[in-house]
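Read-outs: derived from the displayed coordinates by stated rules, not from any lab. Keep in mind that this is a model prediction, so the values were computed, not measured. Methodologically, a virtual Cβ is constructed for each residue, glycine included, from the backbone with ideal geometry; neighbour enumeration extends over all protein chains shown.
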Amino acid sequence: MANTAAAPLPQTWDLASYFPTFAGPEFAAFKNGFRTDLAGALAQAEALPEVKSADTAGADARAAWAGAFAVYEDLSARGAHLVSYLGCLSAANAADEAVQAEDAALALLIAELGKIKTQLLRALRPADDAAYAALLAEPALAGAGHSVGLLRAEAVYQMPAALEALAADLGVDGFKAWTRLYETIAGKLTFELEKSDGTRETVPMAQRQALLSQPDRALRRAAFEAGNCAWAAHADTCAAALNGLAGTRFTLYARRGRGHFLDVPLHDAGVARATLDAMFAAIAANYELPRRILKLGARIQGTPTLAWYDLGAPRPLAPLPAYTWDEGVAAVQSAFDAAYPKLGDYFRRIVRARWIEAEKRANKRGGAFQTSSPVTREERIYMTFGGTINDVVTLAHEAGHAWHTHVLSDLRPCARDYAMTLAETASTFAEQILVRGLLAEPGLTPERRAFLVDMETGHVPAYLLNIPMRFIFEHRFHAERKAGVVSPTRLGELMVAAQREVYGEVLELGAEDPWFWASKQHFYFADVAFYNFPYTFGFLLSQALAAQFRREGAEFLPKYEAFLRETGRASCEDAVRRTLGWDIRETQFWADAIVAVAPAVEALEQIVVARGQ
Ligand SMILES: [Zn+2]
């Protein structure tokens, strides 16, 4: 008798296209070839002449630079192949010590790539506009203009090589030591939690966030207050770290010729100052929309306003829907098929080809990611499917990332790299297709609908209130720091003022978090200041894309794919303008993107009112 039951869908991935086996001769040969070629390329790069003139006298230097760039690009792609492979292996089996040893060895090789880049920057730095234009005409740089432009922007703001080397050496025990000091304090910090039954418990600070999202309000309040007492005891040290980090940055910015403290964060995010200003202006003019979501939270809780420790509280509108793996895959599949058939075909193919690792088993690392190899031009998705709707959303999210990579996969490697501001666009767009698909399912129960609407709106206050609040605080802190050291008291004042301004009356007076500047680790990153705003940028851009898709239907999708293909070849502004015709330097663009969230907020209000809450 024929077996008519469909075979269960694969739940583990196949990595054989990277290498047949981890310990096999192919892996060793690839790694050894990479190491040998790295050493040769570095020696050549150190001998690169400077790109100085646009005339024939500079022709040899231009050709040499273009050739060295192509070699660097090829080595970066081969390095990315190894990084992706070992990343997959170590995530899927965190206990494999042989993989960890290879990973550590690879990190040293990848650091050599940085040295080649430093030489490319050195040789590019003296190029004036004419020499640079002549360089871009080199055949080896066809399709690489945007990437070379980013290198040039970096090169212009370099100190002489000896000073950069000194800054890097001093950074280990200076600049970066502030971050380590903070992380050491935060890692060891505990607080005394008094529970409702009167017992006391010493709790590590790492567990505070989980306590702040518990349904028990008294427990949240206790964790909030006791946690802040612990931070207050380290106020001087935290303030010294924050002032030290910003002070060092100012010194380096001045030496490198950077005029404003936002210049580097903007360069890293790949957006212009006008775009950032337009986005925050539109958000500030529309605080009321995300505040309405918080007001519903207060209403459900039965309080007139929310305290800071209520912001992370669950809003239990409906129980968490459960899914088997096959049901989860089917839900994503039918949502993609209905709204975006090409994405549906791609998803069907990667499920069958075993490009997804989702099995729940021991020794897997937490979290989820999409990875890919520029060598095989294949993608992989890593996650652990635990059987809830949140895992189904994660699957759609990572599939969106993989689709973005796939759409770029025939471009030269350097044209496939996109800025962080554009990184979450395709993933959030795919998430929205899934949620829309689930909301359109026949026989949707009111409970399921309430859950989905809650899920759609749940993160909005984080993007449109919390992250803008952090930005305002960091901006004002940096502005005051330019004039001198900012005291812990003043840091608290700046923090409370930013919270009052952004959250408004929905945040209970006196129930702000004056110690957020101390407890939020993001403010203490040495490598990146103003860490958070690209997330809000990506969230709003994907809202705008989804709204346009709802208006135009299938006609929109070729434009969407054209946009994805530009993400590694143009600035955010140019990529959006060329393919979608939008000007993201205009406040109106961002205001429209925010308004696209309004229907979901209204649906949530109707659900809460209908329940008599
Ligand atoms: Zn993502």
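Counting other Cβ atoms within 10 Å of each Cβ, which trypsin sites (Lys or Arg not before Pro) in the stretch 552-607 have at most 11 and sit in a DSSP loop?
On the way: sites: Lys559, Arg565, Arg569, Arg577, Arg578, Arg585; in loops: Arg569, Arg585.
The qualifying sites: there are none.
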Using the Cα gyration tensor of the stretch 396-516, the equivalent ellipsoid's semi-axes, largest first and to the nearest Å, work out to 37, 26, 7
Distance between Cα centroids, the stretch 59-90 to the stretch 542-591: provide it in whole Å. 30 Å
Rg (Å, one decimal) plus Dmax (Å, integer) for the alpha carbons of the stretch 235-290? 15.3, 43
Hey, how many Å between the Cα centroid of the stretch 300-362 and the Cα centroid of the stretch 136-174? 41 Å
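Indicate, rounded to the nearest 5 percent, the antiparallel portion of the DSSP beta bridges found entirely in the chain. Walk me through the numbers before you get to the answer.
Working: 11 of 14 bridges.
The antiparallel proportion sits near 80 percent.
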Part-to-part distance (alpha-carbon centres) for the stretch 254-286 and the stretch 371-426, which is given in Å: 27 Å
Just for the stretch 316-448, what percent of DSSP beta bridges are antiparallel, to the closest 5? 75 percent
For Lys482, list the aspartates and glutamates whose Cα falls under 20 Å from its own Cα; do not include residues on the same chain fewer than 8 positions away. Asp236, Asp263, Glu474, Glu493, Asp527
Residue among Pro290, Gly149, Val51 farthest towards the positive dipole end of the chain, charges placed on Cβ: Pro290
Taking N as its residue count, the alpha carbon Rg of the chain over 2.2 N^0.38 Å: 1.02
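Apply the a/c threshold of 1.5 to the C-alpha gyration tensor of the stretch 234-356 and tell me whether it is rounded, prolate or oblate. Please list the in-between numbers first.
Details: a/c = 2.22, a/b = 1.39, b/c = 1.60.
Because a/c hits 1.5 or more and a/b fails to exceed b/c, the stretch 234-356 counts as oblate.
With contacts defined as alpha carbon pairs under 8 Å and 6 or more residues apart, what's the relative contact order of the stretch 227-384 in percent? Could you put the intermediate results ahead of the total?
Working: 69 pairs, mean separation 14.4, N = 158.
With pairs under 8 Å counted, the relative contact order is 9 percent.
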Using each residue's phi in the stretch 207-219, evaluate 6.51 cos²θ - 1.76 cosθ + 1.60 at θ = phi - 60° and report the 3J(HN,Hα) Karplus result to the nearest Hz, with x for Gly and Pro. 8, 5, 4, 5, 5, 6, 10, 7, x, 6, 5, 5, 5
Just order 460-471, 433-444, 200-211 by mean Cβ neighbour count inside 10 Å, highest at the front, would you? 460-471, 433-444, 200-211
With R₀ set to 51 angstrom, the calculated FRET efficiency between the beta-carbons of Gln209 and Ala39, to the nearest 0.05, is 0.70
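Across the stretch 514-613, how large is the tail of the calculated P(r) beyond 20 Å, expressed as a percent of all Cα pairs?
Details: 2725 of 4950 pairs.
Everything past 20 Å amounts to 55 percent.
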Residue by residue through the stretch 299-311, which ³J(HN,Hα) values in whole Hz follow from phi under the Karplus form 6.51 cos²θ - 1.76 cosθ + 1.60 (θ = phi - 60°), with glycine and proline marked x? 4, 5, 6, x, 10, x, 9, 10, 8, 3, 6, 9, 5
How do Val393, Val595, Val329 rank when sorted from fewest to most other Cβ atoms within 10 Å of their own Cβ? Val595, Val393, Val329
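If each residue's Cβ is checked for other Cβ atoms within 10 Å, how do Glu605, Glu357, Glu555, Glu192 rank with the fewest at the top?
Working: Glu605 17, Glu357 22, Glu555 10, Glu192 13.
The order, fewest Cβ neighbours first, is Glu555, Glu192, Glu605, Glu357.
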Other-chain or far-sequence residues with amide H under 5 Å of Trp582's (modelled H): Arg577
Which ³J(HN,Hα) values in Hz, rounded to whole numbers, follow from the phi angles of the stretch 21-28 under the Karplus curve 6.51 cos²θ - 1.76 cosθ + 1.60, where θ = phi - 60° and Gly and Pro get x? 9, 5, 8, x, x, 5, 5, 4
Two-site FRET efficiency, Ala7 against Glu359, from Cβ-Cβ distance with R₀ of 22 Å, rounded to 0.05: 0.90
